[in-house]
Amino acid sequence: MAPLTTLSWSDAWYLAPEITLSAFAIVLTILDLFAPKSWNRNFIGWLTVLGLAVAAGFVVWLMLDFKNAGATGGNPVHDLLGGSYRVDDFGNLLKLVFLGSSGFIVLASLGSVRTADVPIKGEFYYLLLPAVLGAMVMSSSGDLVTLFIGLELLSITSYILVGSRKRNGLSSEAAFKYLVTGGVASAFILYGMSFLYGIAGSTNLSLIGQNIGQIVTDYHALVYVAFFLMTAGFAMKVALAPFHAWAADVYQGAPTPITSFLAVVSKGAAFAMLYRIFMNTVFFMQNTPAVRDDIYLALAVLAAAAMIVGTAGALRQRNVKRLLALSGVANAGILMIPLTLRVTQLHSSIFTEFFYYLLAYAFMNIGAFAILTVVSRGSGNESLSGFAGLYHRAPWTAVAMTVLLCSLAGLPVTGGFFGKLFILFGTVQTGSYWLAAILLVTTVVSYAVYFGFIRQMYLRSGNEDTGLRIPGPAAVAIWICVAATLALGFLPKVVLDWIDALFSIPVDFLSK
């Protein structure tokens, strides 16, 4: 039996971001418990933002440390607990997205979320921290068990947050549906992992990758079963068609900040888990290209179905949260495309394409949901008609929403445009012309979806003559998202060079 691997004090430095979130979650829980009920719980929100910022600072510090180590010939990857937890720039980049996104979501909610929408504000803020912690664990795990622990930590806290409006029928229905579908998805993933463990004899992704060639040869049928079960589970988690039916109801019933969290952080964490598993296993099936190609084809079909179904479904929606949920289905298909493409000498930038679009997707979605929060508070509803005459009530807010919608639609010069363009180039370089055609057609069709907002804001008269009040923190979050969306559109090369300088497939995925 292998000796038990424990953590040393020097190893704890590499877990500083995770330890920070855990400490803040515990402290804020105790603080909320003993603070007088008369106190405004927004102070817990500000402390939550502080905790997320401190954790992000530690992540940046680790990235600089790894960069210096790489420059001096050291190892820019640190394995903990026998390789079950892997701190590398793949995980660090995604952690920055999760921490930054959560920070902006909390910031946008301060002062703009009504008590009726989030009746348990203290719990709402500090429960986000273990949820983000679960997402971070998923991005850095090197073992199937650790991955699943991170997945369940994120899932369980998300179930609670979705159902936080206890006296709201839609919220209770959303929580029930999310719990059931999330549990089914976790069961599929765990069942697939059990098959993979049974045939590989290990839960460590590095060891599975080393032995996958022989495993496929000896257990051909079971490899299919394992990966297709996990694929079905992940498709439910990220709301890929035809496993997306829960998304619209859950997004509509959940408080808007939690909807934003599900759309960005939960989805991104599930993709991080997908990349960890598939790039460390399927990538090594060089001796059995037929099996590898079948698995990638299944992912490509799911991506295509998500783009078609999500875009078509959004055309008929008038509830903004349901519309953005179906838009998220289509965008999940776009985010899936890089993983389905072959790595060749001409095309080795699958993670760069994925991360760039995930970054753009995070900013444009968080900004859009933040504007929806303040608009729905002013109009009293979450339908498209609530945006009627927005340009006359709050012209700058209408301009901000227009920029975000143009990015969602993939129009120049925004982050969404270049994100889709880079993924389109990848499909063409690898010969996946049918996937490129579907991406182009669904993007053009989606213009009708997003122009519906613009028609309401500029060409319709609203029922309210008063201006729209936007709290300071929400305004800061909205305009940072708008500025970042435009910066990604005007300076794509700077961002791409930064990602390429940090990430490397051989180092972050294939090094043992």
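For the chain, divide the Cα radius of gyration by the Kirkwood radius and give the resulting Rg/Rh value with two decimals.
0.96
About its Cα centre, how strong a charge dipole does the chain have in debye, to the nearest 20, once Lys and Arg get +1 and Asp and Glu get -1 at the Cβ?
1440
Counting other Cβ atoms within 10 Å, which trypsin sites (Lys or Arg not before Pro) in region 140-217 have at most 15 and lie in a DSSP loop?
Hits after loop and neighbour filter: Lys166, Arg167.
With θ set to phi - 60°, apply the Karplus curve 6.51 cos²θ - 1.76 cosθ + 1.60 along region 222-227 and write out the HN-Hα couplings as whole Hz, x wherever there is a Gly or Pro.
Couplings: 5, 5, 4, 4, 4, 6 Hz.
Counting only residues 5 or more places away or on other chains, whose amide H sits under 5 Å from the amide H of Tyr85 once H atoms are built in the peptide plane?
The answer is Leu80, Gly142.
So for each of 202-210, 57-65 I average, over its residues, the number of other beta carbons within 10 Å; can you give me the resulting order with the highest mean first?
Final packing ranking: 202-210, 57-65.
What percent does the relative contact order of the chain come to when contacts are Cα pairs within less than 8 Å and at least six residues apart?
15
Show me, for region 149-156, the HN-Hα J-couplings you get by feeding each phi into the Karplus relation (A = 6.51, B = -1.76, C = 1.60, θ = phi - 60°), rounded to Hz, glycine and proline as x.
4, x, 4, 6, 4, 5, 5, 5
Could you calculate the FRET efficiency of Glu173 with Tyr458 from 1/(1 + (r/R0)^6), where r is the beta carbon distance between them and R0 is 30 Å, rounded to 0.05?
The pair Glu173/Tyr458 has a calculated efficiency of 0.30.
Can you tell me how much longer the chain between Asp218 and Ser385 gets when fully stretched, taken as 0.36 nm per residue apart minus their C-alpha distance, in nm with one decimal?
That works out to 54.2 nm of additional length.
Helix 289-314 sits at what angle to the longest principal axis of the chain, using alpha carbons and giving 0 to 90 degrees rounded to 10?
Approximately 10 degrees, to the nearest ten.
Figure the gain on full extension for Lys166 and Asp500 (residue separation times 0.36 nm, minus the Cα-Cα span) and round it to one decimal in nm.
Here the answer is 115.7 nm.
As a check on your grasp of the helix formula, calculate [θ] at 222 nm for the chain: sum -39500 (n - 2.57) over DSSP H runs of n ≥ 4, divide by the residue count, round to the nearest 500.
Roughly -25000 deg cm²/dmol at 222 nm, from the helical runs in the chain.
Cα extents of region 302-370 along the three principal axes, largest first, in whole Å?
45, 26, 11
Roughly how far apart, in whole Å, are the Cα centres of region 266-297 and region 188-239?
10
Mind pulling the angle between the C-alpha long axis of helix 350-379 and the longest principal axis of the chain? Nearest 10 degrees, somewhere in 0 to 90.
It is inclined by approximately 20 degrees.
Would you kindly derive the ³J(HN,Hα) couplings of region 90-96 from the backbone phi angles with the Karplus curve 6.51 cos²θ - 1.76 cosθ + 1.60 (θ = phi - 60°), listing them in order in whole Hz, with x for Gly and Pro?
4, x, 5, 4, 5, 4, 4
Pairing the Cα long axis of helix 492-502 with the longest principal axis of the chain, what angle in degrees results, from 0 to 90 and rounded to the nearest 10?
Taking Cα atoms only, the helix is inclined about 40 degrees.
Where a number appears in this text, it was derived from the coordinates with a stated rule and is not lab data. Source: prediction; values computed, not measured. For neighbour counting, all protein chains shown are included, and Cβ atoms are generated from backbone atoms with ideal geometry for every residue, glycine included.
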